Each structure stands twice: as C-alpha cells, then as structure tokens.
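K.L.:
Just dropping this structure here.
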Amino acid sequence: MKIPAKRIALLSMLCAMSLIMFMIENLFPAMFVPGAKMGLSNIFTMLAVLWLSPVDAIVLVIIRTTLGSLFTNVSTLVYSLTAGLVSVIFTLLVVRTSLGKVSLVAVSIASAVLHNLTQNLVYCLISQTPEMMGYMPYLALAGILAGTVVGLAVFVITKTIKPKTILKMLDYENTDNQ
Amino acid sequence: MLVAFLGIFARKKDLVFKAQKSKLFSIWDLLLYGLVLAIVIVLFAVFVFSPQQALDGLEIVDQTNGQVVLTVDFSNKTYRISPNYAQNVSVEKTGEIYQFTISRQLNGELCTNVVEVSLQNGNQYAKMIEANCPTHDCINLFEDIVANDQAIVCAPHRLKIVSTTTSGEGIII
C-alpha cells in the first residue's frame, strides 16, 4: 500500500496541533463538573475525519491520547483512549454516511456527549466507584457545551480553508480531474 | 452490502467539499439533538430527580491498594479508623463536626487531605476542605456528600470518599 508523504505530513501536523491543544488545556482546571474539559484537541480529530481516511483519524486519536497521557498523567490513558476511540468511530460513521444531511455542530455535540458518558462509565468500572454515575447528567451537559464549541470551530475552519488547498495537499488532483 | 461497508472505510474526496458546503443547521440535526436531549432527560430522571436515601455510612478508601482508611456510621454516630492507617489519620473534633486529616506518602510526596464530616442530626454531610494537590477538583468541583451513593474523588492523591450503607462496625465515641 502506497501512502503519500503529503498525507503523512498532514496527519502528523494534525497530531501535533491536537497534542499541543491537549497539553495547553491540561494546564487549566476542569470546568463545572469533575473531569470535564473543553476537548478542544478534538477540533483536529474532526478535521482528520473530514480530510483523511478513517484509519488516519483513529491513529490520530491513539497517538494523541497515548502521548498526551504520558506527558501528563499515565493513569488517565485507559479512560481517554476508550472514550476517544468510541467517539471517533461514532463521528466517522455519522460523517461518512450522512454529512450534508446533518451539520458538523450536531455531530460534534453528539460525539462529545458520547465521549463524556463513555469516559465516566469506564472510570466507574475500573476504579469501582459506581457512586460517580451520579455525575452522568452533568457530564452530558458539559459535553453539549464542549461539543458546540468544537463543532463551531470545525465549521469555521472548513469554511475558511478552500477544498482546493486540502486536495492539493493530499495529491487528489493527480488521480481525478473533477 | 460489502461494497457499502468497505465504502465507509475508504478515503472520500467529496467529504472535503461536503464539509465546506455544509450548513450550520440541517433538518436531520433535529434527530441527533433529540437523541442527545432524550439521553440528558433520562440521565437527570435516573440520577438527579430520583428520591435520595438519607446519609447512612461513609467510607474513605485508599485507591492505591483498595483498602478502607476510615468508616463513619451516621446512624450510630461512630467512626472507625482502620488499624493499618492509624498513624496516617488525625482527628479534630468541634461539637459534632469532625475533621479527619489524612496524610500519606505517595511516590515520595506527602499527600494531605482534610475531610470534614458533620454528624449533627438534620445537617449530616461530608466534604473535602483541604488538599495539597495541584488541582483542588475535590474541593471546588465535587458536591458535598449529603445522601447515600455519592462520591468525592481526589484523583492526584488516589483517595475517594463514598457514602454507602454501613456494615455496622464501629466504635462508640
């Protein structure tokens, strides 16, 4: 299988930006609910979903969560990895089957809520603290807020960057003259 | 069927265009928003608006090894410090309000948490009032424990406070 260098470069750029966002966000305390964050690094996950292949998007999530938790706190890896994978697979399915019928903001909100709920569920199971389930409703609300912000950011980015620029980066024009 | 399945996993050129053309709101969004709203309503119905049991017992657990540090029994107004942690816990009493200072070594650092527990009738609660961790999530973000099945977790110090039904063990103060 041939993987063009430009595609790898774009993927690593997105990975790096996503990781930087993750690290910066980690400096700030959680918002309103324990463990809830804005998840701004998911802006770049969404971009990878839109611009690259599903495998690339999943690779981005794995790299970001693994490196991110190595740099900050290794014990959080299990939660962020499972939640990240579940929500990126959900995003991939929805975006690939019905983007255009649904907007980016709606997909972002749904997957942010799914992310938070998965993360809390995994936390409850692993640390054997079923009492933390009581925070589920608030985490869902935090997910709606975070998803809106991320969705709007992705919306603005996709409107600003011309498709031509991205297609040039991905070497699409060599294979297709559309 | 197989083609459609594989199609999901291929790279798509028109996604780039679709993303650029997509609007801020489309009609099928209502389905996703409705789904999210339904989940939120169900979660609130199950976890927030369901009747809460009065505070009965409290456990403070060291999550590094799963051992119980301290148990409090609200109905009998007793507490019991686990023998393994006798040197880690100090107690300060003002009326029926107890302040438990728990300090332990974790990765070469001294981790201190102060838990305030009130055994007053009609005003029973437990909360974290001090911790020398960098985030202070356990003090600022977690709600005070006032009913059964609530928890406060201090993630950096790997300490959790949970309210559960008591096992009946305890020393009368």
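K.L.:
Principal axis extents for the protein assembly as shown, Cα atoms only, whole Å, descending order, please.
P.N.:
Sorted largest first, the three principal extents are 84, 43, 35 Å.
K.L.:
Kindly flag which residue pairs out of A:37/A:162; B:77/B:127; A:37/B:77; A:37/B:12; A:6/B:21 have an alpha-carbon separation exceeding 28 Å in this structure.
P.N.:
Violating the 28 Å Cα-Cα cut-off are A:37/A:162; A:37/B:77; A:37/B:12.
K.L.:
With a 10 Å Cβ neighbour count serving as the proxy for reagent exposure, in which order, fewest first, do B:46, A:122, B:61, A:61 appear?
P.N.:
Listing B:46, A:122, B:61, A:61 from fewest to most nearby Cβ atoms yields B:46, A:122, B:61, A:61.
K.L.:
Restricting attention to segment B:59-107, which GluC sites (Glu not before Pro) occupy a DSSP loop and are surrounded by at most 14 other Cβ atoms within 10 Å?
P.N.:
When the GluC sites (Glu not before Pro) of segment B:59-107 are filtered for loop state and at most 14 Cβ neighbours within 10 Å, B:96 remain.
K.L.:
A follow-up question, please. Determine the relative contact order of segment B:57-172: mean sequence separation of Cα pairs under 8 Å and six or more apart, normalised by residue count, in whole percent.
P.N.:
Relative contact order, segment B:57-172: 27 percent.
K.L.:
Would you mind ranking B:116, B:109 so that the residue whose beta carbon has the fewest other beta carbons within 10 Å leads the list?
P.N.:
Arranged by neighbour count, lowest to highest, B:116, B:109 become B:109, B:116.
K.L.:
Using 7 Å Cα-to-Cβ label points, what is the residue A:75/residue B:65 separation (nm, one decimal)?
P.N.:
Distance between label points: 1.5 nm.
K.L.:
To continue, here is another question. Label point 7 Å out from residue B:106 along Cα-to-Cβ: which residues of segment B:32-75 have amide N under 19 Å?
P.N.:
Within reach of a label on residue B:106, which here means backbone N under 19 Å from a point 7 Å along Cα→Cβ, segment B:32-75 contributes B:59-71.
K.L.:
Per residue of B:23-35, what is the mean number of Cβ atoms on other protein chains within 10 angstrom of that residue's Cβ?
P.N.:
6
K.L.:
Enumerate cysteines in chain B without a disulfide-compatible partner, where compatibility requires another Cys Cβ under 4.7 angstrom.
P.N.:
Those would be B:111, B:133, since no other cysteine Cβ in chain B comes under 4.7 Å of theirs.
K.L.:
At a threshold of 8 angstrom on Cα-Cα distance, excluding pairs fewer than six apart, so keeping six or more, what relative contact order does segment B:1-135 reach in percent?
P.N.:
Here the relative contact order equals 11 percent.
K.L.:
Over chain A, what is the relative contact order in percent, taking alpha-carbon pairs closer than 8 angstrom and at least six residues apart?
P.N.:
Reported as a whole number, the value is 25 percent.
K.L.:
Hand me the trypsin sites (Lys or Arg not before Pro) from segment A:1-87 located in a DSSP loop with no more than 16 other Cβ atoms within 10 Å, in residue order please.
P.N.:
Here the sparse-neighbourhood loop sites are A:2.
K.L.:
Once you order the gyration tensor axes a ≥ b ≥ c over the Cα atoms, which shape class does chain A get: rounded for a/c under 1.5, otherwise prolate or oblate by comparing a/b with b/c?
P.N.:
Prolate.
K.L.:
Same structure, new question: Extending each Cα 7 Å along its Cβ direction at residue A:161 and residue A:93, get the distance between those two points in nm, one decimal.
P.N.:
2.7
K.L.:
A follow-up question, please. When Cβ neighbours within 10 Å are restricted to other protein chains, what is their mean count per residue of peptide B:94-100?
P.N.:
Mean number of neighbouring Cβ atoms from other chains: 0.
K.L.:
Is the shape of chain B best called rounded, prolate or oblate, per the rule: a/c under 1.5 gives rounded, else a/b larger than b/c gives prolate, else oblate, with a ≥ b ≥ c the square roots of the Cα gyration tensor eigenvalues?
P.N.:
prolate
Every number in this text was worked out from the coordinates using simple rules, so none of it is lab data. Bear in mind the structure is a predicted one, so any value in this text is a computation, not a measurement. No Cβ is skipped: glycine too gets one built from the backbone with ideal geometry, and neighbour counts run over all protein chains shown.
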